[in-house]
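The values are calculated or read from the model by the stated rules, or taken from the named source; none is laboratory data. Not measured: the values here are computed from a predicted model. No Cβ is skipped: glycine too gets one built from the backbone with ideal geometry, and neighbour counts run over all protein chains shown. Please note that ligands, DNA and RNA were not included when accessible areas were found on the heavy atoms of the full protein model with its side chains. Shrake-Rupley method; radii C 1.70, N 1.55, O 1.52, S 1.80 Å.
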Amino acid sequence: MPHVTVVGTGSMGSALAHCLLKNGFRVTVWNRSAGKTAPLIQEGATPADTLEQAIAASPLILTCVKNHTTTLNLLQPLGAMLAGKTVFDLSTGGATEAIALVAELEAQGAGYMLGMINAYPSDIGHAATTILTVSSAETWQAYGNIVRRLGGASRRVGSEPGALAALFAALFTTRQAFMFGMIHGALVCRKAEVPLQVFSDQIPVSMKLMQDYYKLFARTVPTGDYDNAEATLAVYAAALDDALNTFKESGAPAALPQLMADLTHDAMRDGYGDKQLTALVQQMLIER
Ligand SMILES: NC(=O)c1ccc[n+]([C@@H]2O[C@H](COP(=O)([O-])OP(=O)(O)OC[C@H]3O[C@@H](n4cnc5c(N)ncnc54)[C@H](OP(=O)(O)O)[C@@H]3O)[C@@H](O)[C@H]2O)c1
């Protein structure tokens with residue numbers, strides 16, 4: 001079994017190291033505060049006294065610290081020691097930080113893999129757990145099987161260092177749009193004296209409809225086919241106007257429904273009225 005070094009044994013790093021040990025890998029561990037490696041050493045991990053020792057121990061260095069910049073600051077002073085190693089950074093971070101980390105690794109002759117863990121530490125090692133990664137195809141070929149031990153549904157999504165930050169922003173915004181929709185819904189209900197319990201009880205009905213939204217999105221956006229709409233963008237624009245007027249008349253904060261109404265009206269002006277609502281993806285890419 002290959003030798004893997006884990007740098008950073010906080011909650012997530014410990015779960016990753018534990019999973020590797022359980023799968024029979026030889027694991028060397030290093031953490032800034034030494035005490036946190038003790039349970040892993042009891043399980044069979046080899047402690048490294050210094051970061052340099054930890055890096056020297058394995059071809060694959062898995063880092064899981066605060067963020068990409070923390071990883072960069074830890075590794076930068078090691079310089080040529082990194083040559084020939086592959087660093088798999090599972091710390092979170094923005095696109096700029098990811099690009100800076102990868103540039104430094106490549107400058108030192110090291111390979112890179114970045115991972116976004118869509119799971120809690122207790123999910124590590126499970127078949128359904130997903131770690132989205134970016135790396136070269138060759139690096140994935142060499143180490144993808146190890147990533148799949150950590151999360152069975154893991155996959156490589158490309159080689160661009162900034163891709164994971166974009167994916168995180170996209171997925172987080174999708175979830176938060178739902179949360180902020182509920183928050184604004186509560187405001188308009190409260191203004192109209194609709195009991196919030198009634199509103200809350202009705203949300204699961206809307207969630208079923210959201211599955212149809214997703215199916216429409218998945219059918220139209222990846223293919224770019226926005227014709228033959230069952231409910232056209234113009235129909236949605238009219239319904240959004242109704243909702244916006246209700247917000248305004250009740251005195252509830254209306255910035256969110258205003259944004260949605262404005263976007264659909266822009267698209268209608270650009271001739272998208274008979275298209276699917278999801279044609280906004282195309283219209284906004286072209287027009288902005
Ligand atoms: N926990 C989750 O559910 C989860 C899920 C997905 C992704 N992640 C990501 O995984 C990474 C680690 O999260 P965690 O939950 O394991 O956090 P954590 O338990 O707080 O551990 C943080 C780790 O980073 C180390 N660290 C922080 N600053 C450092 C520095 N300046 N130099 C060296 N080491 C430093 C800490 O070392 P010390 O012990 O010395 O402080 C510790 O090992 C984060 O990027 C997080 O976003 C976590």
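Give me a count of the residues in segment 55-78 that are more than 9 Å from the ligand (Cβ to nearest atom), open to solvent by 50 Å² or more (accessible area, probe 1.4 Å) and within 21 Å of His18 (Cβ to Cβ).
The qualifying residues number 1.
Go through Ala38, Ala17 for me and flag whichever is in a helix (DSSP H, G or I) and over 23 Å from Thr129 (Cβ atoms).
Ala38
Exactly one condition in (1) within 29 Å of Gly152 (Cβ to Cβ); (2) surrounded by fewer than 21 Cβ atoms within 10 Å (Cβ to Cβ); (3) in contact with a Leu (Cβ under 7 Å, 6 or more places away or on another chain) is false for Val4; which is it?
Checking Val4 against (1) within 29 Å of Gly152 (Cβ to Cβ); (2) surrounded by fewer than 21 Cβ atoms within 10 Å (Cβ to Cβ); (3) in contact with a Leu (Cβ under 7 Å, 6 or more places away or on another chain), the one that fails is (2).
Which pairs have Cβ atoms under 6 Å, sit 6 or more apart or on different chains, and link a residue in segment 13-39 that is closer than 16 Å to Ile55 by Cα and open to solvent by 50 Å² or more (accessible area, probe 1.4 Å) to one that is more than 9 Å from the ligand (Cβ to nearest atom) and not in a loop (DSSP other than H, G, I, E, B)?
Arg26/His3
Scan (1) under 23 Å from Val102 (Cβ atoms); (2) in contact with a Leu (Cβ under 9 Å, 6 or more places away or on another chain); (3) modelled with pLDDT of 95 or more for the single condition Ala56 breaks and write down its number.
If we test Ala56 against (1) under 23 Å from Val102 (Cβ atoms); (2) in contact with a Leu (Cβ under 9 Å, 6 or more places away or on another chain); (3) modelled with pLDDT of 95 or more, just (2) comes out false.
So that you can scan it fast, the table gives a plain yes or no per residue for (1) within 31 Å of the chain's Cα centre (by Cα); (2) within 18 Å of Cys189 (Cβ to Cβ); (3) not assigned by TED's automatic domain parsing to the domain that holds Val194; (4) not β-branched (Val, Ile, Thr):
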residue: Lys215; (1), (2), (3), (4): yes, no, no, yes
residue: Tyr226; (1), (2), (3), (4): yes, no, no, yes
residue: Leu240; (1), (2), (3), (4): yes, yes, no, yes
residue: Ala252; (1), (2), (3), (4): no, yes, no, yes
residue: Ala267; (1), (2), (3), (4): yes, no, no, yes
residue: Gly271; (1), (2), (3), (4): no, no, no, yes
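Which of the strands (runs of 3 or more DSSP E) contained wholly in segment 52-165 include at least 2 residues that are on the phi > 0 side of the Ramachandran plot and of a type in the set (D, E, K, R)?
none
Looking at segment 29-44 only, could you name the residues that are of a type outside the set (S, T, N, Q) and either within 14 Å of the ligand (Cβ to nearest atom) or within 17 Å of Val65 (Cα to Cα) (or both)?
Val29, Trp30, Arg32, Ala34, Gly35, Lys36, Ala38, Pro39, Leu40
Taking the conditions exactly as written (basic (Lys, Arg), open to solvent by 80 Å² or more (accessible area, probe 1.4 Å), at pLDDT 95 or above and under 30 Å from Phe88 (Cα atoms)), does Arg155 satisfy them or not?
Spelling it out, Arg155 is indeed basic (Lys, Arg), open to solvent by 80 Å² or more (accessible area, probe 1.4 Å), at pLDDT 95 or above and under 30 Å from Phe88 (Cα atoms).
Which of the numbered conditions does Ala48 fail, given that it passes all the others? Conditions: (1) open to solvent by 50 Å² or more (accessible area, probe 1.4 Å); (2) on the phi < 0 side of the Ramachandran plot; (3) of a type outside the set (Val, Ile, Thr); (4) more than 9 Å from the ligand (Cβ to nearest atom).
Of (1) open to solvent by 50 Å² or more (accessible area, probe 1.4 Å); (2) on the phi < 0 side of the Ramachandran plot; (3) of a type outside the set (Val, Ile, Thr); (4) more than 9 Å from the ligand (Cβ to nearest atom), only one is false for Ala48: (1).
Please list, ordered by first then second residue, the pairs with beta carbon atoms under 8 Å, 6 or more apart or interchain, first in segment 106-119 and farther than 22 Å from Lys66 by Cβ, second part of a strand (DSSP E or B).
Sorted first by the residue in segment 106-119, then by its partner, the pairs are Glu106/Tyr112; Gly111/Thr86; Gly111/Val87; Gly111/Ser135.
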